[in-house]
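Working notes, structure below.
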Amino acid sequence: MKSYRKELWFNVPGRRGLINITPQVDECLRESGIQEGLCLVNAMNITASIFINDDERGLHQDFETWLEWLAPHAPTDKYLHNRTMEDNADAHLKRTIMGREVVVAISAGKLDFGTWEQIFYFEFDGQRNKHVLVKIIGE
């Protein structure tokens with residue numbers, strides 16, 4: 001069995017941002033040479049998420065609206081976590097809702113997606129460098 005590891009780095013200029021990272025993960029798979037196996041994609045920061053869904057702008061705005069309704073950023077003083085000199089408690093909650101990682105099967109050297117599926121990085125507390133781990137195992 002072979003193993004491949006790569007870190008993808010992002011710096012979202014705003015507080016929040018959504019990036020389709022499927023092309024970068026596809027490139028990792030090509031670099032790995034693995035034809036059959038599993039691909040883990042993991043947000044390595046507690047205020048960002050990785051998830052799979054459709055690459056449709058209206059849906060992305062729906063995620064943004066829904067998450068802000070569930071865990072609004074302001075007022076920041078309503079969160080106990082923010083008493084630690086932080087202002088990102090909402091980002092931690094949003095990450096918990098959207099998830100930490102995805103695992104995608106690899107078949108015949110390709111990510112084995114369902115219809116319309118793509119991999120997304122969702123940043124909830126941006127404006128600094130953060131990374132995503134891509135770990136691929138198989139043959």
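Values as computed for the structure displayed
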{"quantity": "Average accessible surface area per residue within the chain, 1.4 Å rolling probe, Å²", "calculated": "55 Å²"}
{"quantity": "Potential lengthening between ILE137 and MET85 on full extension [0.36 nm per residue; Cα-Cα distance subtracted]", "calculated": "14.7 nm"}
{"quantity": "Residues of type lysines that LYS110 reaches as a straight line, Cα spacing below 23 Å, ignoring anything fewer than 8 places off in the same chain", "calculated": "LYS2, LYS6, LYS135"}
{"quantity": "Eligible lysines near LYS94 by straight Cα distance, threshold 20 Å, same-chain separation 8 or greater", "calculated": "LYS78, LYS130"}
{"quantity": "Cα-based equivalent ellipsoid, the chain: semi-axes from gyration tensor eigenvalues, Å", "calculated": "30, 16, 11"}
{"quantity": "Region 1-117, relative contact order [Cα under 8 Å, separation at least 6], %", "calculated": "38 percent"}
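The values are calculated or read from the model by the stated rules, or taken from the named source; none is laboratory data. Computed from a prediction, not measured in an experiment: that's the story for all the values here. All accessible areas refer to the heavy atoms of the entire protein, side chains included, with ligands and DNA or RNA removed. Shrake-Rupley method; radii C 1.70, N 1.55, O 1.52, S 1.80 Å.
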